[in-house]
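One structure below.
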């Protein structure tokens, strides 16, 4: 029978390669057998404590153990919500309020931090619950009841209303994604991934699930290494890491600081990048350093499970070229919808829309936002058929490859993170002494620029934002304005602000 | 030194850069800050920090970074 549960990947691989390391951070490691045993123990424990078909929070340090905890939740027939120890308290509270989970798994590192939270449910300590004796009969019964449209995880993305949106994904779409991705990455039991992205994003499914499917190994690279590029390359070489799926800015960090001229990550044969535009100049440095590696641009919104488009870069690029996002993954349809609600087939700009099994279930406990972006396709008037409208604008180039153009709204990609500028404005406006604010993005410098009006000082605003927003959403530059420019309709004139404070600065600085 | 402190304060207005000696060890600076710092140092001091000098010891305090800039400037 066809696969219907992601745990089948783990169960197949543990038969073949029980003693191979599945996940490690370079010091602590879990073999496939250990991941399997611990996940089953956690599944049994959650079952014994009456958790089923419900969200369970995993609030642990980024570690091999936290991944085993994710699978443990799925063994119990539950779905996991990965939270990070570095997430600001206010944001975590919002997520907990949204979900109202009854159970939470922590570890010895995060247990203490929990005392400061309003969370009222049960707290389970990872180190204790993995000692649970596995009840195979119970786990089999759970498996029999599970179907492939049951959720596996909820991951949260920035929301313009100030409340993060919980994207909920099921087995079916994740399996569909991992099967397609495996072909594109040419993953195998020899694949050694170097994970860069945090585990609270769906981006990490690439490494986590390709590893249990194929029996390779994933190294969770310590975050601190991403400040020190030579040490980072040394790490990649020390562990013979051969496959990367990183945000472009992490690759740029290495190439942009001139490291590739001195040291090359010599085992790399597959480099996938995405989440934001990769500057061609940086890309070319990578290509020259790794002549035999495959380079793949990936594109896709969290709402459609991981990635939806890919482009294998096999030509030399000119500096003014843009790397296309290319073609859809197998079994998903990615097309452009024009303003007239018709498919765009020429070279005009349209909104990128996605159709197929890869669509996630929607935003958790948020039907309003879900029905705004997961909509009936205007191309089908005969039966219900949903598409996801990404809000990204794209067009086809002469080779019929898709190219990303811009956003329809004020969402940006910064350091690989998806951010609603409106969420930053909303929290700024709540600061005492701020009358109004407007957040801009300086694409060229990669800086979030916050303009505000009022008595509050910059320090005060930054302090307050630090409590509410994750690090990557904090403005890199704050500008206090005497007067905010408004348009006739009463809205802040973003275009004017941008000209004044971003475009002018660039010219002024260089001429 | 004043110029450097100004650059640093632009990154984190709430940190006492004159006295803090654990900018890296206490995870005050992140990778974005490092990249920004290197670019700003290049434009303000006209000093290019080579890859092999991008190590924790040189970024743990404003003082350490400043002496790196001076050393590179003399070379």
With the label point 7 Å along the Cα-to-beta-carbon line of residue B:55 and a cut-off under 11 Å to each amide N, the hits in region A:231-245 are A:231
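Per residue of chain B, what 222 nm ellipticity follows from adding -39500 (n - 2.57) for every DSSP H run with n ≥ 4, rounded to the nearest 500? All intermediate terms of the calculation are to be shown ahead of the outcome.
Working: 4 runs with 42 residues, N = 75.
Calculated from helices alone, the mean residue ellipticity at 222 nm is -16500 deg cm²/dmol.
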Decide, for region A:150-233, between rounded, prolate and oblate: order the square roots of the alpha carbon gyration tensor eigenvalues as a ≥ b ≥ c, take rounded if a/c falls under 1.5, and otherwise choose prolate if a/b is larger than b/c, else oblate.
oblate
To the nearest 10 degrees, the tilt of helix A:89-99 (Cα long axis) against the first principal axis of the alpha carbons of chain A is 60
Rounded, prolate or oblate: which fits region A:7-312, taking a ≥ b ≥ c as square roots of the Cα gyration tensor eigenvalues, rounded meaning a/c under 1.5, else prolate when a/b beats b/c?
prolate
Along the Cα-to-C-beta direction of residue B:39, a point sits 7 Å from the Cα; which residues of region A:420-464 have their amide N less than 18 Å from that point?
A:440-451
Cα→Cβ-extended label distance, 7 Å offset, between residue A:28 and residue A:15, nm:
3.1
DSSP beta bridge pairing in region A:432-499, given as percent antiparallel to the nearest 5:
60
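Arranged by the count of other C-beta atoms within 10 angstrom, fewest first, what order do A:491, A:365 take? Walk me through the numbers on the way to the answer.
Values: A:491 9, A:365 16.
Listing A:491, A:365 from fewest to most nearby Cβ atoms yields A:491, A:365.
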Once the Cα atoms of helix A:64-75 and of chain A are each reduced to a long axis, what angle between those two axes, in degrees from 0 to 90 to the nearest 10, is obtained?
70
Taking 0.36 nm per residue of separation between residue A:288 and residue A:401 and subtracting their Cα-Cα distance, the length gained on full extension comes to 38.3 nm
Based solely on its DSSP helices, what 222 nm [θ] is calculated for chain A when runs of n ≥ 4 H residues each add -39,500 (n - 2.57) and the sum is averaged over all residues, nearest 500 deg cm²/dmol?
-9000 deg cm²/dmol
Averaging sequence separations of C-alpha pairs under 8 Å and six or more residues apart, then dividing by the length of region A:45-182, give the relative contact order as a whole percent.
24
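Starting from the coordinates of the alpha-carbon atoms of the protein assembly as shown, obtain the Kirkwood hydrodynamic radius over all distinct pairs and give the value in Å to one decimal.
Working: mean 1/r = 0.0397 Å⁻¹.
Answer for the protein assembly as shown: a Kirkwood hydrodynamic radius of 25.2 Å.
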Evaluate the distance, in nm, between pseudo-label points positioned 7 Å from the Cα of residue A:482 and of residue B:5 along their respective Cα→Cβ axes.
2.9
Just to confirm my numbers, what's the Cα centroid distance between region A:127-156 and region A:56-116 in Å?
16
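Can you sort A:63, A:437, B:43, A:173 by how many other beta carbons sit within 10 Å, fewest first?
Going from sparsest to densest Cβ surroundings: B:43, A:63, A:173, A:437.
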Cα centroid distance between region A:306-333 and region A:1-27, in Å?
30
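With a/c under 1.5 counting as rounded, go ahead and sort region A:371-511 into rounded, prolate or oblate using the C-alpha gyration tensor (a ≥ b ≥ c being the square roots of the eigenvalues; past the cut-off, prolate if a/b is larger than b/c, else oblate). Show your work: numbers first, answer last.
Details: a/c = 2.12, a/b = 1.63, b/c = 1.30.
Prolate is the answer for region A:371-511, as a/c is 1.5 or above and a/b outweighs b/c.
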Angle between the Cα long axis of helix A:458-468 and the longest principal axis of chain A, 0 to 90 degrees, nearest 10?
30
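If each residue's Cβ is checked for other Cβ atoms within 10 Å, how do A:472, A:177 rank with the fewest at the top? Don't skip to the end; give the middle numbers.
Details: A:472 16, A:177 26.
Listed from fewest to most nearby Cβ atoms, that is A:472, A:177.
Laboratory data are not the source of any read-out in this text; all were calculated from the coordinates shown. Keep in mind the model is a prediction, meaning the values are calculated, not measured. Note that each Cβ is placed from the backbone with ideal geometry, even for glycine, and that neighbours are counted across all protein chains shown.
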